[in-house]
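Student: Please find one structure pasted underneath; my questions will follow.
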Amino acid sequence: DAPDTPQEGAESGDVLSYLAPGYRRRWLRRLIRGQFVIADQIDLHHLDLKRAGKVLSEFLKASRASDRLCLRIIHGKGGARGSVLKAMVERDLTRRIEVIAFHSAPRDQGGTGAVDVLLRAQH
């Protein structure tokens, strides 16, 4: 398990972007262009790291079970040392098999303080 208080977080202005192996870049491009409707969102930035990890996991599981496959996760931009929540969200999403892609939200919809996520449908 990751420690509750990492030394540093992701830089507040860093854009998060990820495409799972085996998927075509068009999935990520479509996500970046806003071609998917955000079906649900969650705000983690008021939670401590341990609680945020649990809430994120539950949110992803419930969203996928309900076929809400395009999501926005608000993690905040953090302070002078960056955002530990942003770093945790990035680390967690890249490890999940159900995640196709993610990218920082459009500037007018949270920008680098939020990330849009595309999930695989359940089979």
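The values are calculated or read from the model by the stated rules, or taken from the named source; none is laboratory data. Everything numeric in this text was worked out from a predicted model, so none of it was measured. Every residue, glycine among them, receives a Cβ derived from its backbone with ideal geometry; neighbour counts consider all protein chains shown. Accessible surface is based on the protein model in full, side chains and every heavy atom, while ligands, DNA and RNA are left aside. Shrake-Rupley method; radii C 1.70, N 1.55, O 1.52, S 1.80 Å.
Student: Treating only the Cβ of Lys, Arg, Asp and Glu as charged (+1, +1, -1, -1), what charge dipole size does the chain show about its Cα centre? Round to the nearest 20 debye.
Tutor: Details: 21 positive and 15 negative charges, 116 e Å.
That gives the chain a dipole magnitude of about 560 debye.
Student: Using Stokes-Einstein with the Kirkwood hydrodynamic radius over Cα pairs, what translational diffusion coefficient do you get for region 70-123 at 25 °C and a viscosity of 0.890 mPa s, in µm²/s rounded to a whole number?
Tutor: Values: Rh = 11.5 Å.
Taking Rh from Cα pairs, D becomes 213 µm²/s.
Student: In addition: Suppose only helical runs count, i.e. DSSP H with n ≥ 4. What mean residue ellipticity at 222 nm does that imply for the chain under -39500 (n - 2.57) per run, divided by all residues and rounded to the nearest 500 deg cm²/dmol?
Tutor: Working: 3 runs with 37 residues, N = 123.
Mean residue ellipticity, 222 nm, calculated: -9500 deg cm²/dmol.
Student: Express the accessible area of the chain per residue in Å², computed with a 1.4 Å probe while the remaining protein chains stay in the model. Could you put the intermediate results ahead of the total?
Tutor: Values: 7170 Å² over 123 residues.
I get 58 Å² per residue for this part.
Student: So, one more: What is the set of long-range amide H partners of Leu16 at a cut-off below 5 Å, with H atoms built 1.01 Å from backbone N?
Tutor: Residues meeting the criterion, in which the H sits 1.01 Å from N, are Ser104.
Student: If you average over every viewing direction, what projected area does the convex hull of the Cα atoms of the chain give, in nm²? Present the calculation step by step, with values, prior to reporting the outcome.
Tutor: Numbers: hull surface 29.5 nm².
Computed as one quarter of the Cα hull surface, the answer is 7.4 nm².
Student: Also: Once you keep just the Cα pairs under 8 angstrom separated by 6 or more residues, what percentage relative contact order results for the chain? Kindly include the intermediate steps, with their values, before the conclusion.
Tutor: Numbers: 213 pairs, mean separation 45.6, N = 123.
Rounded, it is 37 percent for the chain.
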